[in-house]
Structures are given as C-alpha cells and as structure tokens.
Amino acid sequence: MNEDEIRPKLGYVEPYEGESISHYLGRLRRFKANSLPSAYSLGKIADLGAVTGRWEKLYFNPRPTQQELEALASVVAVNADRLTEMLPPTGMTLKPRPIKLCAACYAEEPYHRIEWQYKEQQKCVRHNLRLLTKCINCETPFPIPADWVEGECPHCSLSFAKMAKRQRRN
Ligand SMILES: [Zn+2]
Ligand SMILES: [Zn+2]
C-alpha cells in the first residue's frame, strides 16, 4: 500500500475547460459526496493547511509548488498537470482583485475562467466584450469564484448571465 492509498479520496468532480482553481475547489467542496464546509477542511484532508484557502482567494504568491499540487491531486483524483492548468501560466501576472466576469460566457457555461484574472485582460476574447468587475445593478464587487453557488449577485440577486446585456463591445 502506498501513501496515496492512505489519504482519504474525495468524490470526483470533473474540471471544466479553462476553469479557475478557485471555482473548481468551491464546486469540489460542495459536491454532495464531499460536503466540506470550508477551504480549511479541504486543506486539512490534503495536508495543505491554509494553502487551499489562499488558492480559493486567487492568491498565488508564493506560486503553488509541484509538491502542493501533487498532495491535492492525490485526494481529488485529478492529476497535478490538470490542476496546473487552473492556474495562470508561468510568467503570467494574475490580478486577484477585482474578480472579473464575462457574463456572456457565463450564460453559456456557468463557471469562472482563470484567464479573466490575467492582469492585462480587460475583455473576453471569445465575445469581444469588456469584462465586468462588479454587479451592473448595485455595483457590488463579485465574490471569489469559490463562492459562486447560485451564479448571482450576493447583494441584489441579479443573475450573472443577465449581466451580459450591459457588457460593452470592446
Ligand atoms: Zn465571453
Ligand atoms: Zn447586485
């Protein structure tokens, strides 16, 4: 029996194309078979302490190490290379705030894309629309993607998908 087999395995959640690690970890924790109430509870299972909590906040300084990614990989059954794809590419500066959204993308597939947080990224290249940085109705900043459960503004409940109508052409 190797070490991997001693660690508890979590219910498998398939990652989406381009999904940010913050959004993925939130989904993974809420997945019924897992039901982990906090980032810390996931960190504990993976022996990573508070590290996964930082990733949920999109704080990647210091950058996640291969060892940390392997530790997470062993409990989530997604390999470390696939987890690396949920991070900004090496050398790419990521801006953790504000959280950005292409509502048109979200209306098609409801999840947060890591590329929206690239520092220089101001528009969605698929839709050629400016990314939103706050609710178009009440101007509340978007919560961290790990907390995107209903896909709506936590203050006024306007759905993210409906915000597309106010996204300006670039
Ligand atoms: Zn888009
Ligand atoms: Zn709002």
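Here are the numbers:
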{"quantity": "Where ALA77 falls short, out of the listed (1) exposed (fewer than 15 other Cβ atoms within 10 Å of the Cβ); (2) modelled with pLDDT of 95 or more; (3) of a type outside the set (Phe, Trp, Tyr); (4) in the same structural domain as LEU28 (by TED's automatic domain parsing)", "calculated": "(2)"}
{"quantity": "Residues of segment 90-112 satisfying the condition of being over 14 Å from TRP55 (Cα atoms), open to solvent by less than 60 Å² (accessible area, probe 1.4 Å) and more than 16 Å from ligand 2 (Cβ to nearest atom)", "calculated": "CYS102, ALA104, CYS105, TYR111"}
{"quantity": "Segment 81-109 residues that are closer than 14 Å to GLU19 by Cβ and away from ligand 1 (no atom under 15 Å from the Cβ), paired with ones that are modelled with pLDDT under 95 and outside any loop (DSSP other than H, G, I, E, B) (beta carbon under 7 Å, 6 or more apart)", "calculated": "PRO88/LEU94"}
{"quantity": "In segment 52-74, the residues that are open to solvent by 20 Å² or more (accessible area, probe 1.4 Å) and under 19 Å from ARG29 (Cα atoms)", "calculated": "ARG54, LYS57, TYR59, GLU68, GLU70"}
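The values are calculated or read from the model by the stated rules, or taken from the named source; none is laboratory data. All of these numbers come straight from a predicted model, not from anything done at the bench. For neighbour counting, all protein chains shown are included, and Cβ atoms are generated from backbone atoms with ideal geometry for every residue, glycine included. Please note that ligands, DNA and RNA were not included when accessible areas were found on the heavy atoms of the full protein model with its side chains. Shrake-Rupley method; radii C 1.70, N 1.55, O 1.52, S 1.80 Å.
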